[in-house]
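Taking it in order: structure first as structure tokens, then the write-up.
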Amino acid sequence: MVSADHILKLSEEISFQSLGENEGGVILELQDGQLHTCNDTTVAFLNLLDGHRTIAQIATKMSEEFEVQDDVLIVDLQELSSKLLKEGIVV
């Protein structure tokens, strides 16, 4: 599993677009055209991935918006990050 100190960013092979508040978003894999949909939590996470912040720092920022405890959100974001990393969406 990805650690809370891990720093990630969106892959250069990915295009990401939010569809608006409470509408989720779409992730496009540029090499093969595969399209993924994502929920608002994933949209917020991807918007904060900048290659400088750790998962823990992102969780702290997101916890204000989603009213979730940092430690709970960190675990959720670690699991999400592991999946996105495996799929090549983040690096």
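Listing for the model above:
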quantity	calculated
Exposure proxy ranking, count of Cβ atoms within 10 Å, fewest first, for 1, 62	1, 62
Percentage relative contact order, the chain, counting C-alpha pairs under 8 Å, at least six apart	36
Option label - P(r) over Cα pairs in 10 Å bins from 0, in percent computed here, alternatives [x] 17, 56, 24, 2; [y] 18, 52, 28, 2; [z] 13, 22, 14, 10, 9, 12, 17, 4	[y]
Förster-model FRET efficiency, 22 Å R0, residue 87 and residue 54, C-beta, rounded to 0.05	0.60
Sum of -39500 (n - 2.57) over DSSP H runs of 4+, divided by residues of the chain (222 nm, nearest 500)	-13000 deg cm²/dmol
Fully extended contour minus Cα-Cα distance, from residue 1 to residue 26, at 0.36 nm per residue	6.6 nm
Packing-based exposure ordering (other Cβ within 10 Å, fewest first) of 52, 36	52, 36
Residue order, fewest to most beta carbons within 10 Å, for 81, 3	3, 81
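Coordinate-derived values only; no laboratory data. For clarity, every value in this text was computed on a predicted model and none was experimentally measured. Glycine also receives a Cβ, built like all others from the backbone with ideal geometry; neighbour counts cover every protein chain displayed.
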